[in-house]
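Working notes, beginning with the structure itself.
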Amino acid sequence: MGHAFSLEGKVGIVTGLANRDSIAYGCALACHEAGAEQIVSYASPKAERFVAPLAGELGEPELICCDVQDDAQLESLFRRAAERWGRLDFVVHSIAYAPLEDLHGRVVDCSRDGFVLAMDLSCHSFIRMARLAEPLMHDGGTLICMSYYGADKVVDNYNLMGPVKAALEATTRYLAAELGPAGIRAHAVSPGAIRTRAASGLKDFDALVHDGETRSPLRRLASVEEVGQSVVYLASAAGAALTGTTLYVDAGHHIRA
């Protein structure tokens with residue numbers, strides 16, 4: 001019998017790779033080190049020059065360009081998994097976006113188009129992935145997305161992404177309830193402030209970083225690799241009795257008032 005925290009023999013998809021600092025990189029690295037075989041996707045051809053050099057560190061996964069707003073591309077990504085393995089054990093959704101003009105303004109002032117775009121890319125794409133993964137998770141599996149504390153409490157300058165991440169966490173719970181009878185588990189992982197390209201779009205992001213480094217109980221930020229290790233735990237046999245959770249990987253920052 002293998003180690004409970006091992007992903008040996010498991011296969012999955014990790015989405016949202018952008019560069020070495022992205023959460024998706026930490027997830028793909030940790031899953032590789034735990035023994036998983038995976039397909040890793042990135043959002044656009046422009047990102048290829050940043051992600052291709054990372055392949056060796058990630059165990060030479062199949063890298064696929066996938067715009068999750070393009071149904072054909074997303075379907076092709078999951079079809080490739082079906083062709084290659086005939087099944088899926090885990091899917092990691094590490095994708096979020098909001099137009100800067102909406103992200104930097106008040107929620108009450110956000111545009112309809114900006115709200116719809118942020119919700120589609122950051123939340124509904126997880127639903128689309130779950131729908132495509134379900135028939136491939138014959139023996140159960142794990143769906144994991146990335147959230148943030150601003151889904152639960154108002155965080156200055158998180159703005160539009162707060163309601164979007166709240167919707168994502170609620171979606172995760174509903175997916176867990178609906179897919180649980182088939183042995184499919186769903187989780188949201190909630191890192192604290194991490195210096196990723198996506199996070200750099202937040203107004204006064206350095207203030208969030210400083211708050212995390214000075215007020216979290218561990219007086220530091222979590223790393224993308226540590227976020228990845230939490231994904232391994234949730235996707236492994238060690239997490240088999242867990243579903244519908246939001247797991248905070250933020251050096252304890254979420255417990256502070």
Mean accessible surface per residue for the stretch 1-87, computed with a 1.4 Å probe while every protein chain stays in place, in Å²: 47
Mean separation of Cα contacts under 8 Å (6+ apart) over length of the stretch 121-206, as relative contact order %: 37
Coordinate range along principal axes, alpha carbons of the stretch 44-86, Å, largest first: 26, 25, 8
Heavy-atom accessible area per residue - the stretch 114-170, 1.4 Å, Å²: 36
Calculated from backbone phi, Karplus (6.51, -1.76, 1.60) coupling profile of the stretch 112-123 in Hz, x at Gly/Pro: 4, 5, x, 5, 5, 5, 4, 5, 5, 6, 8, 10
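So what is the relative contact order for the stretch 108-257, in percent, with contacts set as C-alpha pairs under 8 Å and at least six apart? Walk me through the intermediate numbers first.
Values: 209 pairs, mean separation 38.0, N = 150.
Once normalised by length, the contact order is 25 percent.
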Derived scalar couplings ³J(HN,Hα) [the stretch 80-93; Karplus, 6.51 cos²θ - 1.76 cosθ + 1.60; whole Hz; x for Gly, Pro]: 4, 4, 5, 5, 7, 10, x, 6, 9, 10, 8, 9, 10, 9
Whole-angstrom gap from the stretch 48-113 to the stretch 115-180, using each part's C-alpha centre: 13
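Could you give the Stokes-Einstein D for the chain in µm² per second, using the C-alpha Kirkwood radius, 25 °C, 0.890 mPa s? Please report the intermediate quantities before stating the final value.
Details: Rh = 18.2 Å.
Once the numbers are plugged in, D ends up at 135 µm²/s.
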Long-range HN-HN contacts of ARG185 with modeled amide H, under 5 Å: GLY141, THR142, LEU143
In Hz, Karplus ³J(HN,Hα) per residue of the stretch 215-228 (6.51, -1.76, 1.60; θ = phi - 60°; x = Gly, Pro): 10, 5, x, 8, 6, 6, 9, 6, 9, 5, 5, 5, 4, x
Fraction of accessible area attributable to carbon and sulfur, the stretch 124-170 (%, probe 1.4 Å): 51
Under 5 Å, built H, 5+ apart or other chain: amide partners of SER41: VAL14, THR15, GLY16, LEU17, ILE64
Under-5 Å amide H pairs with ASP250, H placed in peptide plane, nonlocal only: GLY192
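Where does the chain land at 222 nm, in deg cm²/dmol rounded to the nearest 500, when only DSSP H runs of n ≥ 4 count, each adding -39500 (n - 2.57), divided by all residues? Please list the in-between numbers first.
On the way: 9 runs with 92 residues, N = 257.
It lands at -10500 deg cm²/dmol.
For Cα pairs less than 8 Å apart in space and 6+ apart in sequence, what is the mean separation divided by the residue count of the chain, i.e. the relative contact order in percent?
Values: 514 pairs, mean separation 57.1, N = 257.
Reported relative contact order: 22 percent.
The values are calculated or read from the model by the stated rules, or taken from the named source; none is laboratory data. A quick note: this is a predicted structure, and the numbers were derived from the prediction, not measured. Heavy atoms of the whole protein, side chains included, go into the accessibility calculation; ligands, DNA and RNA do not. Shrake-Rupley method; radii C 1.70, N 1.55, O 1.52, S 1.80 Å.
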